[in-house]
């Protein structure tokens, strides 16, 4: 599936019409694809990330297609930035229906004994504290409204392990744990919380520092159950499902979108 496939598919679905969605880490990869798809399906979208130029490009893509988008430069390691992005959603659109907490980092892959406090903080601050604080501020609005859907981007690494990835894997297990706990606390108050657990996805994030060579990357992709990496657009359709009323009885779920890699 490619971007054009998603666009064609989304033209038949406006199930997010009138909803307001917030996407962190929206400047590239899964965040960008999700922001564009949510807008195609009718949502008004607040796109946030640290890079202004890329955010402007996402907003331009959405508005050129007839959608409605607003952007804000946000660093999710800063609580004031998180508070500001949620406030922007409410001030601009009057509510917040959907939040996709996607921003994060892979950190530095190395044996556990070679990791240190600086590297620990580098990964845990955005991946765990950033998600936790985002959920807290988003839920304050949603619980008051009595409705909302929060989707946290975890990873298949939240349910399995990888050699030399102790910090990254630890954060993703934490995200799933927070997701499950919040889902119990908030479901009866109208707010659903789920986690997307992508597998090996073709994104800029995925390529940074993970593969020693393009050849190694292609060989690994060929060895997966799907025989290929997934696309950001494929992940976006999963987020759109979890964001929509089609998943009204789904909460506390860590949805694996990994082509079966974690069980192979």
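Of the residues 6, 53, 48, 63, the single one that is surrounded by 14 or more Cβ atoms within 10 Å (Cβ to Cβ) and either on the phi > 0 side of the Ramachandran plot or at pLDDT 95 or above (or both) is 48.
Taking the criterion of being touching a strand residue (DSSP E or B) at 6+ places or on another chain (Cβ under 6 Å), surrounded by 18 or more Cβ atoms within 10 Å (Cβ to Cβ) and not in a strand (DSSP E or B), the residues of the stretch 72-130 that qualify are 74, 85, 88, 89, 93, 96, 97, 102. You will find that of 177, 199, the residue that is modelled with pLDDT of 90 or more and either surrounded by fewer than 16 Cβ atoms within 10 Å (Cβ to Cβ) or farther than 18 Å from residue 255 by Cβ (or both) is 177 and no other.
Every residue, every condition in (1) over 28 Å from residue 141 (Cα atoms); (2) without any contact (Cβ under 8 Å) to a residue 12 or more places away in the chain; (3) crowded, with 17+ Cβ neighbours inside 10 Å, yes or no:
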| position | (1), (2), (3) |
| --- | --- |
| 159 | yes, no, yes |
| 186 | no, no, yes |
| 216 | yes, yes, no |
| 220 | yes, no, no |
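For the stretch 137-155, residues that are surrounded by fewer than 22 Cβ atoms within 10 Å (Cβ to Cβ) and in contact (Cβ under 8 Å) with a residue 12 or more places away in the chain total 8. When residue 234 is tested against (1) free of Cβ contacts under 8 Å to residues at least 60 places away in the same chain; (2) crowded, with 16+ Cβ neighbours inside 10 Å, just one condition goes unmet, and that condition is (1).
Any chance you could count how many residues in the stretch 237-264 are free of Cβ contacts under 8 Å to residues at least 12 places away in the same chain and within 19 Å of the chain's Cα centre (by Cα)?
The total comes to 1.
The values are calculated or read from the model by the stated rules, or taken from the named source; none is laboratory data. Just so it is clear, the structure is predicted and the values come from calculations on it, not from any experiment. So basically every Cβ, Gly included, is an ideal-geometry build from the backbone, and we count neighbours across all protein chains shown.
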